[in-house]
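Data block below; observations after.
The values are calculated or read from the model by the stated rules, or taken from the named source; none is laboratory data. None of the values given here were measured: they were computed from a predicted structure. Counting neighbours? That spans all protein chains shown, and the Cβs are built from the backbone with ideal geometry, glycine included.
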Amino acid sequence: MAPILFLFFIAAGFAAFLIGISIKFAPKDRPTDIKASSYECGLAPDPPPSRHIPVKFYRTAILFIIFDIEIIFMYPFALAYRDFLAQGQGLYILLVMGVFLAFFLLGLWWEIASKALKWT
Amino acid sequence: MGQDTMETLINGTKILVIFLSMGSLVPFLVWAERRTLALMQSRLGPNRTGPLGLLQILADLVKPLMKEDFAGQATHKGLFYLAPLLAIIPPALVFGAIPFSHPLILPSFEFLGYAFGPYTFYFQGFNLNVGVVFALGVSSLSAYALLIAGWSSGNKYSLLGALRAAAQTISYELALSLALVGLILVFNTLDFLEMVKIQSGPLTFSFFGSEKTIPFLPGWGIFYQPVGAFLLFISFLAESNRVPFDLPEAEGELVAGYHTEYGGIKLILFYIGEYAHIMVASALMVTFYFGGYTFYPFLTEDSLNGLFQARMGEWAGLLTSLALFITFLVKFFLFLFVFMWIRATLPRFRYDQLMDLGWKTLLPWAFGNAVVTAVVIFIFDFFKRGSFFG
């Protein structure tokens, strides 16, 4: 645990140190209005970016959460699989997991068939 | 100073060395990539500064440090400065968990008048028994850096680029974690060191009841999981936003993507994060599918130990670890070269093609890979023991 935290703080400290050097030593110039405005290829940055985001990003995020949780449930199964086989419970675990995987497949099929992922 | 203090010191030094070598490898990689791309396109690339243009590495580091530190007036200052920090932390954390060589067992010794017991020196920042889960969980945190960078920039193109990057990262995250299920089914462990140990022998598998061994092939993961290895590699490409999946930075559409508003050293930190991601991807591919630091017929800890034991005596352990470390480095750099090669070869996808590839091709294939692996293991187990039950 401690080494992970140490690495975390070293990485953060390194980045902060570099930014600090840049703030301290790099030349400063008085910002003009043009310089301080957003760089959008010369168009006036007006209006500012909208807080409305296309719904397809939300759809992707929601589907991701559902599928990611389902996939995470396969990790304990994959780790315990050999133990079940060694105890002669292989058919049982395969069938139980088969039901779960069938729902996964059904979800994936429904998601594609209902065009939830159509990106146009 | 006792055993504990020494262990803390060793761990601290190790982590410092790992992080600094990762950081200093980045400018070298940038130089190597520019040279490789140039040679592949019949150009010369950077060759003016120093021999082979190697001093370019120094120039690339000093120049952005001396650029003005600037944040536009539309930016959210705090988050704008936080994002580059967040970009380099996740890959650095994963890098610390990768085993670079065989653990070295030091016998008990005396140092400054204190006796230290036998100590196992691991060539990895920290030895985790859930390495795979740790790597997956931590590396996906880098999506936050992209989102925060894009959102805090106050720029339409940055926001769009960040949204694209995040949607792409999470979409390929699914295929990535599902492709690994097959690997865990085969190796039955989440520990990186354990995985490498399993791959250090010859290729062995049970085939309809009889154990078969192929003595001239190493037992690498890619021979058990060829489809999984391919899927994982593509997912890593997409995760690190590399060509052909560099949609978040598509210049023609988005100026420069999520880091349009960044410049100077803050931009360089994003680049460090990106290259660190590629390094992590290469190291993980080597560890998962290409035998880690071993290469079965010649370069395994047993054969090397025997070889060095006869000639060098007590230095055998150290020399073995060093030789295996070099083996790891060679494989690691080969993979990095493949990443550059792909960049020189492939054109960019269109965004809808990218999402389709992730959700409708890679995900079903990864799913099929996991199911087939489980069923095949079940069938071979059935033939080995002759019955379905106990």
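A few comments on the model shown:
- Meets criteria (out of contact with any Pro (no Cβ under 8 Å at 6 or more places or on another chain), loosely packed, with under 15 Cβ neighbours inside 10 Å and closer than 21 Å to B:ALA276 by Cβ) for B:THR13: yes
- Looking only at residues in segment A:16-47 that are surrounded by 12 or more Cβ atoms within 10 Å (Cβ to Cβ) and under 24 Å from B:LEU163 (Cβ atoms), the one that is nearest to the other protein chains (Cβ to nearest Cβ) is A:SER38.
- Looking only at segment B:185-213, and only at residues there that are among the aliphatic types (A, V, I, L, M) and assigned to a helix (DSSP H, G or I), the one that is nearest to B:GLY292 (Cα to Cα): B:VAL196
- Considering segment B:122-147, and only residues there that are buried (at least 22 other Cβ atoms within 10 Å of the Cβ) and in a helix (DSSP H, G or I), the residue that is nearest to the other protein chains (Cβ to nearest Cβ) turns out to be B:VAL132.
- Out of B:PHE109, B:PHE70, sole residue that is more than 27 Å from A:ALA78 (Cβ to Cβ) and touching a strand residue (DSSP E or B) at 6+ places or on another chain (Cβ under 7 Å): B:PHE109
- Residue within segment B:18-39 that is touching a Lys or Arg at 6+ places or on another chain (Cβ under 8 Å), touching a residue at least 12 places away in the same chain (Cβ under 8 Å), over 30 Å from B:GLY131 (Cβ atoms) and surrounded by fewer than 21 Cβ atoms within 10 Å (Cβ to Cβ) present: yes
- Positions within segment A:70-120 being more than 7 Å from chain B (Cβ to nearest Cβ), within 30 Å of B:TYR351 (Cβ to Cβ) and among the β-branched types (Val, Ile, Thr), in sequence order: A:ILE72
- Search result, residues across segment B:56-76 that are away from chain A (no Cβ under 12 Å) and either more than 25 Å from A:ILE10 (Cβ to Cβ) or crowded, with 18+ Cβ neighbours inside 10 Å (or both): B:GLN56, B:ILE57, B:ALA59, B:ASP60
- Residue within segment B:65-72 that is assigned to a helix (DSSP H, G or I) and either under 30 Å from B:PHE121 (Cβ atoms) or touching a helix residue (DSSP H, G or I) at 6+ places or on another chain (Cβ under 8 Å) (or both) present: yes
- Search result, residues across segment B:103-121 that are in a loop (DSSP other than H, G, I, E, B) and either within 18 Å of the chain's Cα centre (by Cα) or modelled with pLDDT under 80 (or both): B:PRO107, B:SER108, B:LEU112, B:GLY113, B:GLY117, B:PRO118
- When B:PHE216 is tested against the conditions (1) touching a residue at least 40 places away in the same chain (Cβ under 8 Å); (2) not in a strand (DSSP E or B), the lone failure is (2).
- Filter result (surrounded by 13 or more Cβ atoms within 10 Å (Cβ to Cβ) and not in a loop (DSSP other than H, G, I, E, B)) within segment A:101-117: A:LEU101, A:PHE104, A:LEU105, A:GLY107, A:LEU108, A:GLU111, A:ILE112
- Condition check for B:ARG343: more than 7 Å from chain A (Cβ to nearest Cβ) and in contact (Cβ under 8 Å) with a residue 24 or more places away in the chain: yes
- Hits in segment A:1-15 - residues which are more than 7 Å from every other protein chain (Cβ to nearest Cβ) and part of a helix (DSSP H, G or I): A:ALA2, A:LEU5, A:PHE9, A:GLY13
- Residues that are more than 7 Å from chain B (Cβ to nearest Cβ) and assigned to a loop (DSSP other than H, G, I, E, B) within segment A:48-68 comprise A:SER50, A:ARG51, A:HIS52, A:PRO54, listed in sequence order.
- Considering B:PHE335, B:PHE270, B:PHE325, B:PHE288, the condition of being in contact (Cβ under 8 Å) with a residue 12 or more places away in the chain, surrounded by fewer than 18 Cβ atoms within 10 Å (Cβ to Cβ) and either within 14 Å of chain A (Cβ to nearest Cβ) or part of a helix (DSSP H, G or I) (or both) is satisfied by B:PHE325 alone.
- Residues that are surrounded by fewer than 18 Cβ atoms within 10 Å (Cβ to Cβ), within 22 Å of B:ALA366 (Cβ to Cβ) and in contact with a helix residue (DSSP H, G or I) (Cβ under 9 Å, 6 or more places away or on another chain) do occur in segment A:81-93.
- Filter pass, B:ALA366 being of a type outside the set (Val, Ile, Thr) and under 22 Å from B:ALA229 (Cα atoms): yes
- Inter-residue pairs, beta-carbon under 9 Å, first more than 10 Å from chain A (Cβ to nearest Cβ) and farther than 18 Å from A:MET74 by Cβ and in segment B:358-384, second in a helix (DSSP H, G or I) and among the hydrophobic types (A, V, I, L, M, F, W, C), 6+ apart: B:THR361/B:ALA175
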